[in-house]
Structures are given as structure tokens and as C-alpha cells.
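Student: Sharing a structure, written as C-alpha cells. Questions coming.
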Amino acid sequence: MIKITDFQGRRVHMIGIGGSSMSGLAEILLREGYIVCGSDNANSHAVERLRNMGITVHVGHAAENVHGADVIIYSAAIQPDNAERKEGARLGIPEMERSTLLGQLMQGHKNALCVSGAHGKTTASSMLAQVLLDCNMDPTVHIGGRLDALGGGSRIGGKDYFVAEACEFHGSFLEMAPTLAIILNIDADHLDYYRDIDHIEEAFGDFLRLLPDDGCALGWGEDERIMRLFSKLHCRYVTFGLTDKNDYYPENLTYNDTGCPRYDMMLKGEKIARVELSVAGEFNVLNSLSAFAAAHLSGAKGEDIAAALKNFKGVHRRFEFTGLIDGVKMYHDYGHNPTEMKAALNVAKMQKPNRLWAVMQPHTYSRVKSLFDDYLTCTAVADFTLVTDIFAAREKDPGDIHASMVVEGMLKNGINATLTPTFDDTEQYLRDHWQEGDLVLTMGCGNINLLNEQMQLHGDTEK
């Protein structure tokens, strides 16, 4: 296996450099003295940010982009038939998958805190990163989103703590080297790679087996699959959850008028801090419990952790307020499967809008097919649902699934759904039908966030 350290000071070409993880890794490599360049299939804020750092980024994949590279980094979504990977193979340029790079960068740190799970990874890892940062523990960080406290998605700190988002997509988290393995939940997703939910559970078991004998697992104690895996562990495990059956749990849990939780953090019957969050929703109670427990296990003091959690204002593209247009509040959320969309809409409902609009961009044909029935009811709490065309991402259209089928199924389930294929269609429909006091939540991990930007731009010029 090649080692990235063998290429320090040399040219690293990153295919898909604009991705949330890849762009953060590019920043780390640049700061560590590598010459970084790359390509992506479209311009984006991440691409522009990298260019402003002096990194050359090509838009579009072409064989000549890899000429002169000493090593190629690619994400799991980049297939071997990609033009740049094919040219790299022809030229004999060594290549490394993204997760392997992350695992190697993690090595040499005393504590590697790896946050995994089907839902909530970015928020929970961001909470943990901000806590360790605010507690002056100088963490090195790599997460899959942009956190204002970091000025991005990555940070080079000391060698004591490395906080990483560990994704199960294509088994990527099996390249990690955790000393504290955090599992938020286990649910069905990425079924284009995994056989079924049991296969996913097996992968999380393999992830836990990466822990050393003196390592520790931290997991949601109310998830049966997690607890089944914990029962087989060779090392210590700790649980968090909503009941006192867990090691870490909340008491006196309440929510303010906008759905932000407040609770007493308990550890085995003893109160260790009063927590007040600035982000809303029950799922953020669980995210904060995991971050609190991980930081506490790492040596941070309870009151300091609570203060840092109160300072946490969220991650970009996670129930992010993007602007007010015609008296309508616009939000965006990265949620891209039915469970995440349902959770985000429940938070939106807590804002007590006049009417709630769900705007869904289904993500990948395989996900829509494998979770089809769940898509048909996940927006039930909304008054209106708009569905755009499916975002293909890494996939080719198989021809047997279409967004219109989602809308048809929603209508049969009593959802007030409408197909608005393009962003222009969606914008026009919203402007024709919304009312002052409404709330619009766009959802998806494709490029649906650009609809918010498009509408904000048009809103500013039309007022």
C-alpha cells in the first residue's frame, strides 16, 4: 500500500475535489506541504474556496488533468472507467481512495474519535469538534460539512485528538483507525452497495473491531442493532440515550418556542451539567448526548462541554436559514433519505409557520428505488410537497424510476404533492402559491441548495 507521506511536497491530484470530504482533505494536504490540484464535475462554493487558496481546480473530468501528477486521490463515487483514473492507470500514477487517505492522516494521533451512523454524522461530529475546540483541546478535525467555528470542514491541530466523520458508504469507515468509535444509529441506506440492513449491521461490526483493546465504543443504547454489536465487543462500551437505562441521558427535557432543547445531563444517576442547545429537534438531543459523552470520555469537564454546546449554531446545509422572501422563511437541509427529511420537517413545524412547504430533490435512482415506500409518506407533516427531478449524482438513469412516480405514490397516501421538475418550475410554483408567514424547506444532498440562492437573488431584485 502506498503512503501519502511519501508524496509530501509533490503533486497530488484529487478527482471530485469539490465534494464535502474531498475539499476538506485538500485543505489539510495543502497545509501539510503538498502541491494540490484537482477536478470536479461542476463549479461550486467549495471549488471557489479551494481556488482562492491557490489550488488549481478543473471543471470536468479529462485525461490531461492528471498529467504531471505524482499521486491520484479519488472518492468511492469515482469509478475505474473515469477518464482521469483510466489515464492515471495508463501512465502508472499510483492512486488512493479518499477513505484510505483519511485513515492515514488519522494515524499518529493519540485519540481518534470517529463518528459513524446512518443519520446525524456531520452534526454530531461538528458538535464534538466545537466542544473540543472551545475546551482548548486543540483537535485536528475532518468533517463532511462547513462549520463556522472551523472556517470550513477541516482543521489541523495537535496530535492528541483527531475528530473524523466516519461514513459507511462503500465501507469507507473500515479504513479508519479509531480509539473511540461512536455509532449514532444503524439504518437502511446505501443499498446500492449493501445487500440489506443485516449487511449494514455487519459492516458496523467490522468497524467496531478496528478498536484496540484499550479503546472504547460509544453508541445509542436504544438501537437494538448497536446493542447487539456491543454485546460482542472485545473492549469497553458506553451508551447514551433518552432513558436512564443508558450511561449518559437527559432529565427535565424541555423545548423552547423554536424547538431548541434544554436538559440536565445525567451520568449514571448523577447530574453533571445543564445543557441548553441553540439548534432544534429531538434528533439534536441525541446528537448532543453523543458529542457530550465523547468529549467527557476524552477528559473535558461537564460545565465546559455544556457552554460549548450552547455556542454551537449548526452546520451549513443542516436546517440552515437562507433568507426571507416576500415574508416567507427559506430554509435548506442536507437530508437526503426519508428518515432525515422527516426529522428536518418536524423541526420546521416547530417554527410554527403559517403553512409548511417541503421541497424534495430525491437523491440517486438506487436510493429512491430501495426506499421508495418511505419516500411516499416522509413529508406528511408538510402542507404542500414539491418534488424535483431525481439528482443522479454518480449514477446513470436506469429508465425504470422517475420523480413522477414518487409524486403519484404521495398523492395516493394523501400527501398534497406536485411535480416541479426544474428549479425554475419550483420557483415559479412557490411564488404563485405561497403566502406571507409560510416556511419553505428545501431538502437533498445534491444541488437543491442552489434553488435557495436562486430565489434569494431573484427575491432581492424583485422587491
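The values are calculated or read from the model by the stated rules, or taken from the named source; none is laboratory data. Only a predicted model underlies this, so the values are computations on that prediction, with no experimental measurement involved. Positions of Cβ are backbone-derived with ideal geometry, glycine not excepted, and every protein chain shown enters the neighbour counts.
Student: When the stretch 263-281 is examined, which residues are found to be over 24 Å from the mean Cα position of the chain (by Cα), in a strand (DSSP E or B) and among the charged types (D, E, K, R)?
Tutor: 264, 270, 271, 274
Student: Shifting gears a bit: Can you find even one residue in the stretch 335-353 that is in a strand (DSSP E or B) and touching a residue at least 40 places away in the same chain (Cβ under 8 Å)?
Tutor: The answer is no; no qualifying residue exists.
Student: I'd like the full set of residues that are in a loop (DSSP other than H, G, I, E, B), crowded, with 17+ Cβ neighbours inside 10 Å and of a type outside the set (Ser, Thr, Tyr), limited to the stretch 354-369.
Tutor: 361, 362, listed by residue number.
Student: Let me ask something else. Output the number of residues of the stretch 245-264 satisfying the condition of being closer than 26 Å to residue 215 by Cβ, surrounded by 12 or more Cβ atoms within 10 Å (Cβ to Cβ) and either among the charged types (D, E, K, R) or assigned by TED's automatic domain parsing to the domain that holds residue 344 (or both).
Tutor: Residues flagged as closer than 26 Å to residue 215 by Cβ, surrounded by 12 or more Cβ atoms within 10 Å (Cβ to Cβ) and either among the charged types (D, E, K, R) or assigned by TED's automatic domain parsing to the domain that holds residue 344 (or both) within the stretch 245-264 amount to 1.
Student: Would it be correct to say that residue 275 is touching a Cys at 6+ places or on another chain (Cβ under 9 Å), crowded, with 21+ Cβ neighbours inside 10 Å and either under 30 Å from residue 439 (Cα atoms) or of a type in the set (A, V, I, L, M, F, W, C) (or both)?
Tutor: No.
Student: Do any residues in the stretch 65-82 that are of a type in the set (A, V, I, L, M) have Cβ atoms under 6 Å from those of residues that are part of a loop (DSSP other than H, G, I, E, B) and buried (at least 21 other Cβ atoms within 10 Å of the Cβ), where the two are at least six apart or on different chains, and which pairs are they?
Tutor: 78/16
Student: With the checklist (1) farther than 27 Å from residue 161 by Cα; (2) crowded, with 18+ Cβ neighbours inside 10 Å; (3) free of Cβ contacts under 8 Å to residues at least 60 places away in the same chain in hand, flag the one item residue 280 doesn't pass.
Tutor: Of everything listed in (1) farther than 27 Å from residue 161 by Cα; (2) crowded, with 18+ Cβ neighbours inside 10 Å; (3) free of Cβ contacts under 8 Å to residues at least 60 places away in the same chain, residue 280 misses just condition (3).
Student: Within the stretch 1-15, count every residue that is modelled with pLDDT of 90 or more and over 11 Å from residue 35 (Cβ atoms).
Tutor: Count: 7.
Student: Under 24 Å from residue 164 (Cα atoms) and among the small types (Gly, Ala, Ser): is that true of residue 308 in this structure?
Tutor: Yes; evaluated as a whole, the condition is true for this residue.
Student: Any idea which residue in the stretch 49-78 is surrounded by the fewest Cβ atoms within 10 Å (Cβ to Cβ), counting only those that are part of a helix (DSSP H, G or I) and either on the phi > 0 side of the Ramachandran plot or not polar (S, T, N, Q) (or both)?
Tutor: Ranking the qualifying residues of the stretch 49-78, first place goes to 64.
Student: Is it fair to say residue 372 is surrounded by fewer than 17 Cβ atoms within 10 Å (Cβ to Cβ), modelled with pLDDT of 90 or more and among the aromatic types (Phe, Trp, Tyr)?
Tutor: Against the criterion (surrounded by fewer than 17 Cβ atoms within 10 Å (Cβ to Cβ), modelled with pLDDT of 90 or more and among the aromatic types (Phe, Trp, Tyr)), residue 372 qualifies.
Student: Kindly check whether there is at least one residue in the stretch 35-47 that is under 23 Å from the mean Cα position of the chain (by Cα), at pLDDT below 90 and more than 24 Å from residue 172 (Cβ to Cβ).
Tutor: Yes, some residue in the stretch 35-47 is under 23 Å from the mean Cα position of the chain (by Cα), at pLDDT below 90 and more than 24 Å from residue 172 (Cβ to Cβ).
Student: Go through the stretch 343-364 and report how many residues are basic (Lys, Arg) and farther than 18 Å from residue 410 by Cβ.
Tutor: Residues in the stretch 343-364 being basic (Lys, Arg) and farther than 18 Å from residue 410 by Cβ: 1 in total.
Student: If I go through the stretch 15-48 residue by residue, how many of them are part of a loop (DSSP other than H, G, I, E, B) and hydroxyl-bearing (Ser, Thr, Tyr)?
Tutor: 2
Student: One residue is enough: does the stretch 304-325 have a residue meeting the conditions at positive phi, out of contact with any strand residue (DSSP E or B) (no Cβ under 7 Å at 6 or more places or on another chain) and among the charged types (D, E, K, R)?
Tutor: No: zero hits.
Student: Yes or no: residue 48 without any contact (Cβ under 8 Å) to a residue 12 or more places away in the chain and either among the aliphatic types (A, V, I, L, M) or more than 18 Å from residue 97 (Cα to Cα) (or both)?
Tutor: So residue 48 fits the description; yes.
Student: Does the stretch 97-117 contain any residue that is closer than 25 Å to residue 320 by Cα and part of a loop (DSSP other than H, G, I, E, B)?
Tutor: For the stretch 97-117, residues closer than 25 Å to residue 320 by Cα and part of a loop (DSSP other than H, G, I, E, B): present.
Student: For residues in the stretch 303-339 being buried (at least 18 other Cβ atoms within 10 Å of the Cβ) and within 30 Å of residue 214 (Cα to Cα), which is nearest to the chain's Cα centre (by Cα)?
Tutor: Across the stretch 303-339, the extreme among qualifying residues is 309.
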